[in-house]
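All remarks here apply to the structure that follows.
The values are calculated or read from the model by the stated rules, or taken from the named source; none is laboratory data. Predicted model only: the values in this text are computed from it and were never measured. Ideal geometry is used to build each Cβ from the backbone, glycine not excepted, and the neighbour counts take in all protein chains shown. Just so you know, the surface numbers come from the protein's heavy atoms only, side chains and all, with ligands and any DNA or RNA stripped out. Shrake-Rupley method; radii C 1.70, N 1.55, O 1.52, S 1.80 Å.
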Amino acid sequence: MTEDEIRAELRTALSGLGAGPGAAADSRMGAGSDDVEGPREYLRSLAPGGWVVPSWPAEFGGRGASPAAAAQIRVSLAEFPGRDLYPFMVGLYLVGPSLLVHGSQDQKNRWLRPIVDGSAIWCQMFSEPSAGSDLANVATRARRDASGWRLTGQKVWTSRAGYATWGMCLARTDPEVPKHQGLTMFAVKMDAPGVIVRPLRQMNGDHHFSEVFLEDAGVSDVDRMPGDGRSAGPGGTQAGPPAWLAELAATGALADDVLRDRAMRVYVSECVADLTQARAAANAEAGRAPGPEGSGQKLRAGAVFRQRAELIKDAGGLAGLLSTTSGHIEFLTAPSMSIRGGTDEIQRTIIGERILGLEREPNLDQDKPWSQTRSGS
């Protein structure tokens, strides 16, 4: 298809949303209230054409597009107003790619299309009170029984858990092998008996993430999931200036030389981060496995979020101290960016060891059973 043909089909698909050429919605990374129905309507409109996941096979909701064609579709899609797809990102960019590579035919048939059209939301149940950055230390146990598996344990900082349909849950199936082994992924129905979700209140007022208790929760063996998912995230490039920059220009804040210089630095960093993400997405679509460069992208994205939030607050002058001013939620959310999804310290360790070739940190429990080395036991 030509670029004009792609744009024409996208314009038709999005016509019910009142969409025309313009800047795509900025993601707030779950800050503020999670708008689920807006992005769900957006996904539902694009699902028949496979536009959101163009490289996926057509039978599972994509278009079977080549990496080059998929990249062109992302660029064209960015020319239209979008929605913040944050509530759906685990399904679209982690669960879906993992299933395409490793999932059974039954799992693909059951789970992929509901991810594409937004009818199912997934959350990621990895972190625990004693297993955050040291994820291999998870203590949630899964034991076999006649009906499948029984899961018992606690997860914490589980984003989207309060409204998710499914949870991608990491559990320990064999405690007598080293901690990086004996781990299995399960798909847990979030409204199943024995699954208790308790929202956690953040300093910005959100109840965005939760602690989840698994009390002998039953999981069928057909819901035991594959691992080694390839998560590249959305890879579009921005069409025109982002909304935050346009707003600063409209208020006259950019007339200040210092603020204008800061704004341009943030904007350039955003563009670099966006292009890096697009390259990672293209690598994934071409079948190349993700590497440690993702840690650099994580550091850059977190830094840009914080810099942008601080800039918008400063641009408001004294009024920026008020909770009613633009960017307040993002400002209070910014400190979490150095923790969520893997701390900055862990990312720098990965870069140092795997990219710069520095000496690895001592690892005394690598070859010992988890049951003997678990912290505190």
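Couple of notes before you dig in:
- The residue list 47, 68, 58 contains one member that is surrounded by fewer than 18 Cβ atoms within 10 Å (Cβ to Cβ) and at pLDDT 95 or above, which is 58.
- For the stretch 186-225, a residue qualifies if it is of a type outside the set (Asp, Glu), within 19 Å of the chain's Cα centre (by Cα) and open to solvent by less than 20 Å² (accessible area, probe 1.4 Å), and the qualifying residues are 186, 187, 188, 190, 208, 210, 212, 225.
- Which listed residue is aromatic (Phe, Trp, Tyr), open to solvent by less than 10 Å² (accessible area, probe 1.4 Å) and either in contact with a Ser or Thr (Cβ under 7 Å, 6 or more places away or on another chain) or part of a loop (DSSP other than H, G, I, E, B) (or both), from 88, 80: 80
- Qualifying positions in the stretch 325-342 - over 14 Å from residue 297 (Cα atoms), within 19 Å of the chain's Cα centre (by Cα) and small (Gly, Ala, Ser): 334, 336
- Residue check, residue 63 of a type in the set (Lys, Arg), open to solvent by 60 Å² or more (accessible area, probe 1.4 Å) and more than 21 Å from residue 288 (Cβ to Cβ): no
- Pairs meeting the criteria (first residue in the stretch 2-18 and within 19 Å of residue 68 (Cα to Cα), second residue among the polar types (S, T, N, Q) and assigned to a helix (DSSP H, G or I), beta carbons under 9 Å, at least 6 apart or on different chains) are 3/72; 3/76; 6/72; 6/76; 7/76; 10/76.
- Selection of first residues in the stretch 343-357 that are under 19 Å from residue 301 (Cβ atoms) and of second residues that are of a type in the set (Ser, Thr, Tyr), restricted to Cβ pairs under 6 Å at least 6 apart or on distinct chains, gives the following pairs, ordered by first then second residue: 343/133; 344/338; 346/133; 347/295; 350/295; 351/295.
- Top-ranked residue of the stretch 339-373 - restricted to ones that are open to solvent by less than 50 Å² (accessible area, probe 1.4 Å) and of a type in the set (Val, Ile, Thr), ranked as farthest from residue 156 (Cα to Cα): 351
- Of all residues in the stretch 91-116 being surrounded by 19 or more Cβ atoms within 10 Å (Cβ to Cβ) and small (Gly, Ala, Ser), the one that is nearest to the chain's Cα centre (by Cα): 91
- Qualifying residue in the stretch 267-282 (condition: in contact (Cβ under 8 Å) with a residue 40 or more places away in the chain and in a loop (DSSP other than H, G, I, E, B)): no
- Near pairs, Cβ below 8 angstrom, 6+ apart or cross-chain, from the stretch 363-376 (on the phi < 0 side of the Ramachandran plot) to any residue that is open to solvent by 100 Å² or more (accessible area, probe 1.4 Å) and at pLDDT 85 or above: 366/180; 369/176; 370/176; 371/176
- Cβ pairs under 9 Å, 6+ apart, first in the stretch 142-153 and touching a residue at least 12 places away in the same chain (Cβ under 8 Å), second among the charged types (D, E, K, R) and open to solvent by less than 30 Å² (accessible area, probe 1.4 Å): 142/172; 148/223; 149/223; 153/128; 153/172
- In summary, residue 326 fulfils each of the numbered conditions (1) of a type in the set (Ser, Thr, Tyr); (2) open to solvent by 70 Å² or more (accessible area, probe 1.4 Å); (3) more than 23 Å from residue 269 (Cα to Cα) with the single exception of condition (3).
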